[in-house]
Amino acid sequence: MKLAVAKEVEVGENRVALVPDTVARLVKQGLEVWVEAGAGERSFFSDAAYEAVGAKIISDAAILWGEADILLKVGLPQEREDGSSEIELLRQGAVLVGFLNPLGQPAVMQRLAERQVTAFSVEMVPRTTRAQSMDALSSQASLAGYKAVLIAAAALPKYFPMLTTAAGTIAPAKVFVMGAGVAGLQAIATARRLGAVVEAFDIRPAVKEEVQSLGAKFVEVQLNEETVAAGGYAKEVSEASRQRTQEVVAEHIKSADVVITTAQVPGKKAPLLVTEEMVAQMRPGSVIVDLAAEQGGNCACTAPGKDVQRNGVTIIGPINLPSSMPIHASQLYAKNLATLVQLMIKDSALQLNFDDDIIDAVCITHAGEIRNQRVRDALAQVSTPV
Ligand code: NAD
């Protein structure tokens, strides 16, 4: 069994799929691990560190991709600088694992199926207790929530904590977190550690206790519809609920120094929570960090990857925040992948048990087919001419 770690060639991606500590454990289990030369460079893991724990360093990408039994990546396969396509480099029957964005990129899933590649997409790991150690969405979202608060604190022309000094008393910053999933809860915890007064809102009422246990106030909005979908995720809500929510949250946004938005609905454009009018009502100097920037943004003023100024309010739309903390992001992701890979291997050979709910949910393509109905539906939508 050859397990291969590819170098990420996407611009701005600093993470690597396995770190040397994880490689050491896999090698001890009898797996052969190949690492592309320079794969860990941008997350500060040298080729020598991988070699020292028994990995083989491969300089030729065509060999690494072409001979791997299981190829581990962070993001989607790309076109390389030399014009080669990573998907085309994979051999038939190989397993590919990564954040493959299957609902956003169904045509790529189709290509993988046509190439007879067995593709596993970590976004599909079920949110169950057994799958927790494989939950890459959570491990990476937590990093993003933490970093979002640091970005906000650095951009805010104020202190976060309350300070009593000889020169007077400083009031603590007010932080409003919208969306209290994994990223939002970590943002709340981080803002609290920095001494801010924190309020939070989510359309899933079940998060109220978690928010309160972190020392934040939960902003309640009574909605007359179910807001939770299968798997504990949020549902897209009706226009009436959206308006009702906006009426309630407007006051909290207006009085906040910092707004951190993290709201997402899987497979959909991010919900709009902060309108232009709400931004206009905020005090100059306030900061919004929109973690949904890549999914269309929770704030109407967000530009992905840019800082926007509106009436003295700074709106920051960061892209791929986990990549800005590549050492820990890679360490956690590597653990997620190594645990997932254990489920695919028996007696040092690939053995996929589709009766296992995790394998069944995460495996998107196999034996020339797209296995996942939602991905098939997404593909039908993009292939249907309008
Ligand atoms: P996510 O990234 O999909 O969304 C972030 C948050 O935005 C969610 O809390 C969601 O409810 C909220 N949101 C969506 N639309 C909104 C709107 N219009 N207004 C306000 N908030 C809105 O979520 P996530 O962090 O991936 O978590 C999804 C679910 O999975 C949660 O229930 C979480 O507790 C659960 N979870 C369970 C496990 C586990 O049991 N192993 C692990 C991780 C997450």
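The values are calculated or read from the model by the stated rules, or taken from the named source; none is laboratory data. The shown structure was predicted, so the numbers you read here are calculated from the model rather than taken from an experiment. Every residue, glycine as well, gets a Cβ built from its backbone with ideal geometry; the counts of neighbours run over all protein chains shown. SASA here: full protein model, heavy atoms, side chains in, ligands and nucleic acids out. Shrake-Rupley method; radii C 1.70, N 1.55, O 1.52, S 1.80 Å.
Summary table
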item: Under 15 Å from residue 147, Cα to Cα: aspartates and glutamates that are on another chain or at least 8 residues apart; result: 290
item: Segment residue 193-residue 254, extension gain: residue separation times 0.36 nm, minus the distance between their alpha carbons; result: 19.7 nm
item: Eligible aspartates and glutamates near residue 235 by straight Cα distance, threshold 12 Å, same-chain separation 8 or greater; result: 202, 225, 226
item: GNM result for the chain, Cα springs below 10 Å: residue of 336, 224, 101 fluctuating most strongly; result: 224
item: Rounded to 10°, Cα long-axis angle of helix 182-193 versus longest principal axis of the chain; result: 50 degrees
item: Around residue 226: net Lys/Arg minus Asp/Glu count, Cβ-Cβ under 11 Å; result: +1
item: Extension reserve of the residue 367-residue 91 stretch, reckoned as 0.36 nm per residue once the Cα distance is removed; result: 98.1 nm
item: Chain lengthening between residue 349 and residue 206 when straightened (0.36 nm per residue, less Cα-Cα); result: 47.3 nm
item: Kirkwood-Stokes translational diffusion coefficient of region 165-233, alpha-carbon pairs, 10 °C, 1.306 mPa s, µm²/s; result: 122 µm²/s
item: Length-normalised contact order for region 225-342 - Cα pairs under 8 Å, 6+ apart - percent; result: 19 percent
item: Greater than 20 Å apart at Cα, pairs in 2/335; 73/335; 158/254; 73/306; 254/306; 7/346; result: 73/306; 254/306; 7/346
item: Of all accessible heavy-atom area on region 262-363, the percent that carbon and sulfur account for (1.4 Å); result: 49 percent
item: Pairwise label distance in nanometres, residue 228 with residue 383, each label 7 Å out on the Cα-Cβ vector; result: 3.6 nm
item: Residue with peak Gaussian network fluctuation, the chain [Cα springs, cutoff 10 Å], from 90, 150, 337; result: 150
item: Nearest-ten-degree value, helix 239-255 long axis tilted from longest Cα axis of the chain; result: 60 degrees
item: Centroid-to-centroid separation of region 1-68 and region 241-292 [C-alpha atoms, Å]; result: 41 Å
item: Relative contact order of the chain, pairs being alpha-carbon contacts under 8 Å that are 6 or more residues apart, as %; result: 18 percent
item: Note, ³J(HN,Hα) from phi for region 107-120, Karplus 6.51, -1.76, 1.60, rounded to Hz, x at Gly and Pro; result: 5, 5, 4, 4, 5, 5, 4, 4, 7, 6, 8, 8, 9, 10
item: Cα centroid separation, region 103-124 to region 320-357 (Å); result: 17 Å
item: For the chain, share of DSSP beta bridges that run antiparallel, in % to the nearest 5; result: 30 percent
item: Most fluctuating residue given options 27, 341, 198, as computed from a GNM of the chain linking Cα atoms under 10 Å; result: 27
